[in-house]
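Q: Structure incoming, see below.
Bear in mind that the values in this text are calculations on the coordinates, not laboratory data. Remember, it's a predicted structure, so these values are computed and weren't measured experimentally. With ideal geometry, Cβ positions are generated from the backbone for all residues, glycine too; neighbour counts draw on all protein chains shown.
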Amino acid sequence: AQKVTQAQTEISVVEKEDVTLDCVYETRDTTYYLFWYKQPPSGELVFLIRRNSFDEQNEISGRYSWNFQKSTSSFNFTITASQVVDSAVYFCALSEARQGGSEKLVFGKGTKLTVNP
Amino acid sequence: EPEVTQTPSHQVTQMGQEVILRCVPISNHLYFYWYRQILGQKVEFLVSFYNNEISEKSEIFDDQFSVERPDGSNFTLKIRSTKLEDSAMYFCASRTMRTAKLFFGSGTQLSVL
């Protein structure tokens, strides 16, 4: 069975600090996808990134970066120079990747990030 | 950018009543999903739908739930006889055949009294 663990329930930082959100996953699939979604106070789910299991290159997008380590089954998310607008709940998710499959997402419980001015 | 549209944004109903939550997925998408999020908890998969039939459903999706794509644009979730524990935010999502990236709607907050 697939499982995603986000051990940090809540994190509070001061603006301009760097912050890393942890995500550890479990799966028996050899091919899978990993995701991060942002849920701002308004409630919608905003897609941030998707990674394939066979691509372990780290990725940077502006102030966001992701560290995928297959050896430790982790897919951590770092926000550099955090801003108040980054305050949200962040969800890590996992899906299988099989042809013709429904590829449902299994979500972690989320990490609530509060960035204080 | 195209988006998934959900209506209504809020729905209040009495226990035992039927509710229908509506979604308009992105027009060229072929896979459709419903997820729900009980307040303060994680987002949970309910059902996936492809080629006019359910492709997978979770344990939550019991006989009280059904989905339908009545025309070429709408995708609905029906709860026949609502229970208090059905109170949650319900998210619709869709994707193309080629990518695993799910586009989520803004959700319908269902409150069962």
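Q: Looking at segment A:42-117, which GluC sites (Glu not before Pro) are DSSP coil and have at most 16 other C-beta atoms within 10 Å of their C-beta?
A: Within segment A:42-117, the qualifying GluC sites (Glu not before Pro) (loop, at most 16 other Cβ atoms within 10 Å) are A:GLU56.
Q: If you filter segment A:47-111 for trypsin sites (Lys or Arg not before Pro), then keep DSSP loop positions with at most 13 other Cβ within 10 Å, what is left?
A: Hits after loop and neighbour filter: A:ARG63, A:ARG98.
Q: How do A:LEU48, B:LEU102 rank when sorted from fewest to most other Cβ atoms within 10 Å of their own Cβ?
A: With the fewest neighbours first, A:LEU48, B:LEU102 line up as A:LEU48, B:LEU102.
Q: Can you put B:MET97, B:MET89, B:MET15 in order, fewest other beta carbons within 10 Å first?
A: B:MET97, B:MET15, B:MET89
Q: Of the listed pairs A:LYS109/B:LYS101; A:LYS3/B:LYS83; A:LYS109/B:LYS78; A:LYS70/B:LYS101; A:LYS38/B:LYS78; B:LYS57/B:LYS83, which have alpha-carbon separations greater than 23 Å here?
A: Checking Cα-Cα distances, A:LYS3/B:LYS83; A:LYS109/B:LYS78; A:LYS38/B:LYS78 exceed 23 Å.
Q: Using the 10 angstrom Cβ neighbour count as an exposure proxy, how do A:LEU34, A:LEU113 rank, fewest first?
A: A:LEU113, A:LEU34
Q: Here's a follow-up. So which GluC sites (Glu not before Pro) in segment B:6-65 end up in coil per DSSP with only 10 or fewer other C-beta atoms within 10 Å?
A: Those satisfying the criteria are B:GLU59.
Q: Please report the spacing between the Cα centers of segment B:79-98 and segment B:6-64 in Å, no decimals.
A: Spelled out, the Cα-based centre of one part sits 2 Å from the other.
Q: If you don't mind, there's one more thing I want to ask. In debye, nearest 20: dipole of the protein assembly as shown around its Cα centre with unit charges on the Cβ of K, R (+) and D, E (-)?
A: 140 debye
Q: Rounded, prolate or oblate: which one fits chain A, using the alpha carbon gyration tensor with axes a ≥ b ≥ c (rounded when a/c is under 1.5, else prolate when a/b beats b/c, else oblate)?
A: prolate
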